[in-house]
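Here's the structure, in C-alpha cells; my notes come after.
The values are calculated or read from the model by the stated rules, or taken from the named source; none is laboratory data. All values derive from a computational prediction rather than experimental measurement. Here Cβ is always computed from backbone atoms with ideal geometry, including for glycine, and neighbour counts include all displayed protein chains.
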Amino acid sequence: MKIIVPCGVIVNLPGRLEMAGFVLDWSGVEVDRYYQHPCRDFSVTDEAFRLREVIGGSVNRFVLTWKGPKVGEGVKAREEVNFDFNGGVRSLELILERLGFTRVAVVRKERSVYSGMGVRVYLDRVSGLGCFVEVEAMGDYYAGKTLVDKAVRELELNSYPSTVKSYLQLILES
C-alpha cells in the first residue's frame with residue numbers, strides 16, 4: 001500500500017516505528033532509470049523495466065528489474081524479477097540503448113526501510129512528487145493484505161490517501 005503523506009509525517013515516523021518494534025534495515029538514495037521496450041509498449045502491457053542505482057552503505061549497487069502487470073484490488077501487487085550486481089551502470093545503459101531501449105524517466109528518492117509486524121515499511125521522499133509511506137508484505141496476497149492493513153492502523157496512517165500508482169506513473173502524470 002502506497003500512502004501519500006505530508007513530509008512532516010515522515011519526520012516523526014522513525015520513532016513511532018521503533019516504538020512499535022520495527023527495525024531500520026537500510027537508509028540511502030535510490031535512483032531509478034525506467035526504460036521503454038523497442039517493440040512492446042509497457043504502458044499498454046502494464047509492465048515496467050528499470051535500472052536502479054542504490055546509494056548507501058559501503059558500495060553502490062545496481063538492480064535491473066522487470067515488473068509484470070498489477071494483480072489484486074486496492075493494493076499494488078505484481079510479479080517482480082530482479083538481477084542484482086555491482087558496478088558497470090554506464091556499460092549496462094549502453095547495452096540497453098544499443099538494443100533499442102529508450103529511457104522514459106528517472107525517479108530519485110531518499111528512502112529508509114524498516115521491518116516488523118510481518119511487513120516492510122518504506123519512508124520515501126521522492127524528488128518532484130513529495131513524501132510517501134509504502135507498506136509491503138511478502139508472500140500470499142490475502143495474508144499479506146491483512147498484515148499491511150494492521151500495520152497501517154498501528155502506525156495511524158489510515159486517515160491519509162493511498163494510491164496504487166507507481167512513482168513512474170505519478171512522475172509521468174506530473
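Miscellaneous remarks
- Residues that are in a loop (DSSP other than H, G, I, E, B), over 14 Å from the mean Cα position of the chain (by Cα) and either at pLDDT 95 or above or farther than 18 Å from Ala20 by Cβ (or both), drawn from segment 111-155: Gly128, Gly139, Asp140
- Taking the conditions (1) among the aliphatic types (A, V, I, L, M); (2) outside any strand (DSSP E or B); (3) touching a Ser or Thr at 6+ places or on another chain (Cβ under 9 Å) in turn, Leu92 satisfies each one other than (3).
- In the set (1) of a type in the set (Asp, Glu); (2) surrounded by fewer than 18 Cβ atoms within 10 Å (Cβ to Cβ); (3) closer than 16 Å to Leu13 by Cα, Glu134 fails one condition alone, (2).
- Lys109 being out of contact with any Pro (no Cβ under 7 Å at 6 or more places or on another chain), in contact (Cβ under 8 Å) with a residue 60 or more places away in the chain and basic (Lys, Arg): yes
- Here the condition is being touching a residue at least 24 places away in the same chain (Cβ under 8 Å), in a loop (DSSP other than H, G, I, E, B) and hydrophobic (A, V, I, L, M, F, W, C); of Val59, Val54, it holds for Val59 alone.
- Some residue of segment 111-122 being surrounded by 15 or more Cβ atoms within 10 Å (Cβ to Cβ), among the basic types (Lys, Arg) and touching a Gly at 6+ places or on another chain (Cβ under 8 Å): yes
- Residues that are touching a strand residue (DSSP E or B) at 6+ places or on another chain (Cβ under 8 Å) and either assigned to a helix (DSSP H, G or I) or buried (at least 16 other Cβ atoms within 10 Å of the Cβ) (or both) within segment 19-35 comprise Phe22, Glu30, Val31, Asp32, Arg33, Tyr34, Tyr35, listed in sequence order.
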